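The values are calculated or read from the model by the stated rules, or taken from the named source; none is laboratory data. Being a predicted model, the structure only gives us computed values, none of them experimental. Cβ placement follows ideal geometry from the backbone for every residue including glycine, while neighbour counts extend to all protein chains displayed. The accessibility values were calculated without ligands, DNA or RNA, using every heavy atom of the protein model including side chains. Shrake-Rupley method; radii C 1.70, N 1.55, O 1.52, S 1.80 Å.
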Amino acid sequence: MSHKASNGVSCSSKILTVDNMNPNVRRVEYAVRGPIVHRALQIEKELKEGVKKPFSEVIKANIGDAHAMGQKPITFLRQVLALCTYPELLEDNKFPDDAKQRARRILQACGGQSVGAYSASQGIECIRQDVARYIEKRDGGIPSNADNIYLATGASDAITTILKLLVCGEGRTRTGVMISIPQYPLYSAALADLGAVQINYYLDEDNCWSLNVAELKRAVDAAREHCNPRVLCIINPGNPTGQVQSRQCIEDVIRFAKQERLFLMADEVYQDNVYADGCKFHSFKKVLFEMGPEFSDVVEMASFHSTSKCYMGECGFRGGYMEIINMDPEVKAQLTKLVSVRLCPPVPGQALLDLVVNPPLPDEPSYSQFMKERNAVLANLAEKAQLTEQMFNTIPGFICNPVQGAMYTFPRITLPQKAIDKAKELGQVPDMFYCMKLLEEEGICLVPGSGFGQREGTFHFRMTILPPTEKLKVMLKKISEFHQRFTQEFS
């Protein structure tokens, strides 16, 4: 609806329209909460309203949301958080002494001894010190300085903040950022938002999604024609691909970053999720420092961790941190200024992070229960990782790499030509067509591979391995039956 302004010029009734809004925002896509998920929510409403479907519930395996999928919170973490948010409980003898001790220490570091107070912009000092100690212990004694630790609203917030610092230039001088394909859509979304240039490098699916330096070289050389490559992003363990990088591979990547003068971003939020025999998590920082001062004195890097994954699965608390290495002190001052604009990360999330980096010790009362719960979660995920790979590889037309780590599988699916044609006719990407049909017929919500990127002519989907084992078995069986039916229908 438009009307004539007093000068006779027609004007839209809205000041902000899709045509005159920030065009970068329009370009943002985020598949793990995209159109499939909107439809899944609609179907859930329909089921509640009594609409008859061939299934009784929607299984949402689209996002790594552990508690939503039935994983139980770790008792110790929640006890301390309860004490922090309602300190009267410190008088209650139901809580173990070590939990009370942690809560008192955190509360003493808060303004007015309340988690409802703002904290310092970089995060509560004693929590940053605990993070630095955790990193030192994890990396076998390589020093970490609390001053280089920034607490964040989950790892996502820290990642977008660092990208913001790195993006500049226009046209051919615009910052290029190298991201793995398949990638986690946070990266493509943040780059679209910032108007940066996305440089794709492909993981090798035939070789268990490994990363190859020759492919990095190909990607960076091609990109130099049209932008200024300055950043290399690595996700290890991989999301959506679940691979765990070998030490040798990490060394090669660090050499490459030094040689090509690239800022390294190491997304290590799945560092406790490693299941496959012979696989081990190596932090980029540890490998960097073990390579000696010719690397550890010059390679600029930020690494990221979060409370949302691993055995905790505490996504809703939005806790995370980043550690920066070799950042120019003047830029670091700008980073501190930038985070101060947001005041501070959520304080309950900071408190939770403190417990993750500073868990109960062997001589403390909560230790045995904590270890039992933690190990049970990780053992259960390892079992489900194996189960998923085995089941998928029995389905004709499926190829599934081992899920070495993280919480997802990214199988390759063969789609009949007729289905590909039908999808194009409907203006849909073929794996989106497939996943939509799976949702409508079986009530299973997955994310099409196209949302993460994939080699031209290949089709995949990402599925989390988080549902309880019995539900996961049902889901895998339903997907198998659906795939056979789908293949027949379009053969």
Taking a cut-off of 17 Å between Cα atoms, list the lysines near LYS164, but don't count ones fewer than 8 places away on the same chain.
LYS332, LYS337
Please report how far the C-alpha centroid of region 236-288 lies from that of region 103-171, rounded to the nearest whole angstrom.
21
What is the spin-label model distance, in nm, from GLU294 to GLU44 if the labels are put 7 Å beyond Cα along the C-beta direction?
5.5
Between ILE15 and LEU378, what FRET efficiency comes out of the Förster formula 1/(1 + (r/R0)^6) with R0 = 41 Å and r the beta carbon distance, rounded to 0.05?
0.20
Helix-only mean residue ellipticity at 222 nm, the chain, DSSP H runs n ≥ 4 weighted -39,500 (n - 2.57), per residue, nearest 500. What is it?
-13000 deg cm²/dmol
So the FRET efficiency between LYS473 and ARG78, C-beta based with R0 = 25 Å and rounded to 0.05, is 0.30
Under the 0.36 nm per residue contour assumption, what length would be gained going from the current alpha-carbon distance of GLU57 and THR394 to full extension?
118.8 nm
Can you give the relative contact order of the chain as a percent, counting alpha carbon pairs under 8 Å and 6+ residues apart?
21
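If you keep only loop residues by DSSP, which trypsin sites (Lys or Arg not before Pro) in region 28-130 have at most 14 other Cβ atoms within 10 Å of their Cβ?
LYS52, LYS94
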When the dipole is taken about the Cα centre of region 92-239, and only Lys, Arg (+1) and Asp, Glu (-1) are charged at their Cβ, what size is it in debye, to the nearest 20?
380
Using θ = phi - 60° and the Karplus relation 6.51 cos²θ - 1.76 cosθ + 1.60, list the HN-Hα couplings for region 390-406 in order, rounded to whole Hz, with x at every Gly or Pro.
4, 4, 4, 6, 8, 7, x, x, 10, 10, 10, 6, x, 8, 6, x, 6
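For the chain, which whole-number percentage of the solvent-accessible area (1.4 Å probe, protein heavy atoms only) is attributable to carbon and sulfur atoms?
After summing per-atom areas, the C and S share lands at 52 percent.
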Per residue, the convex hull enclosing the alpha carbons of region 31-156 has a volume in Å³ of 200
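With +1 on each Lys and Arg Cβ and -1 on each Asp and Glu Cβ, how big is the dipole of the chain about its Cα centre, in debye rounded to the nearest 20?
The calculated dipole for the chain is roughly 1020 debye.
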Using only Cα atoms, locate the centre of region 461-488 and the centre of region 403-425, then give the distance between them in Å, rounded to an integer.
13
Would you mind getting me the FRET efficiency between ASN212 and GLU260? Use the beta-carbon distance for r and R0 = 25 Å, nearest 0.05.
0.95
If you count only protein heavy atoms and use a 1.4 Å probe, how large is the accessible surface of TYR30, to the nearest 10 Å²?
80
To make sure I understand the rule: partners must be lysines, Cα under 30 Å from the Cα of LYS52, and not fewer than 8 residues away in the same chain. Which ones qualify?
LYS60, LYS418, LYS422, LYS424, LYS437, LYS471, LYS473, LYS477, LYS478
Per the charge dipole of region 226-364 (beta-carbon charges, Lys/Arg positive, Asp/Glu negative, Cα centre), the residue among LEU335, ILE235, GLY292 reaching farthest to the positive end is LEU335
Beyond 30 Å, what percent of the Cα pairs of the chain remain?
52
Assign unit charges at the C-beta atoms only (+1 for Lys and Arg, -1 for Asp and Glu), then state the dipole size of region 118-197 relative to its Cα centre in Debye, rounded to the nearest 20.
180
